[in-house]
1. Residues of region 33-55 being crowded, with 16+ Cβ neighbours inside 10 Å and under 18 Å from Leu86 (Cβ atoms), which ones?
2. Look through region 1-32, keep the residues that are among the hydroxyl-bearing types (Ser, Thr, Tyr) and surrounded by 10 or more Cβ atoms within 10 Å (Cβ to Cβ), and return whichever of them is nearest to Val66 (Cα to Cα).
3. With the structure loaded, tell me whether Leu64 is under 17 Å from the mean Cα position of the chain (by Cα), crowded, with 17+ Cβ neighbours inside 10 Å and touching a residue at least 40 places away in the same chain (Cβ under 8 Å) or whether it fails that test.
4. Which pairs do you get when a residue that is at pLDDT 95 or above, found in region 74-96, comes within reach of a residue that is outside any helix (DSSP H, G or I) and basic (Lys, Arg), reach meaning Cβ atoms under 7 angstrom, with the pair 6+ apart or on two chains?
Amino acid sequence: MVGVSRPLYQLKAEFFKTLGHPARIRVLELLSQREHAVAEMLPEVGIEAANLSQQLAVLRRAGLVVTRKEGSNVYYSLTSPQVAELLAVARSILTGVLAGQMELLEDLKTTVSGGPTDSPASGTRSR
């Protein structure tokens, strides 16, 4: 019997869907710094304990975090430093995108306040 494998792009889409929740991103950001107990993450993530537990379970099933138990505390950590690297790359991309948007906003403000504008019809600048 030949196994049916899913295309890599589909697996990537599922991976990024796992990252598609703000609470999960916040958890991963916290764990990028160091291991955390669930109780430590609650105030930082800002969601109810039951919801945090669900989000941690999603990350665990996806293989992004692992747990260890010490007494009554459960500690979470990243399975790979590459997860932290991915978050850093995402931050860098967003910084570039937002910088571009700020530049566009400044251009628009200049245009509105009577500065030079581009005329799309003629391709010339009006004064």
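The values are calculated or read from the model by the stated rules, or taken from the named source; none is laboratory data. Everything quoted here is computed from the prediction, not taken from an experiment. Heads up, the Cβs are rebuilt from the backbone with ideal geometry, glycines too, and the neighbour counts pull from every protein chain shown.
1. Matches in region 33-55: Gln55 only.
2. So the residue we want is Ser32.
3. Considered against the rule, which asks whether it is under 17 Å from the mean Cα position of the chain (by Cα), crowded, with 17+ Cβ neighbours inside 10 Å and touching a residue at least 40 places away in the same chain (Cβ under 8 Å), Leu64 comes out as yes.
4. Filtered contacts from region 74-96: Tyr75/Arg68.
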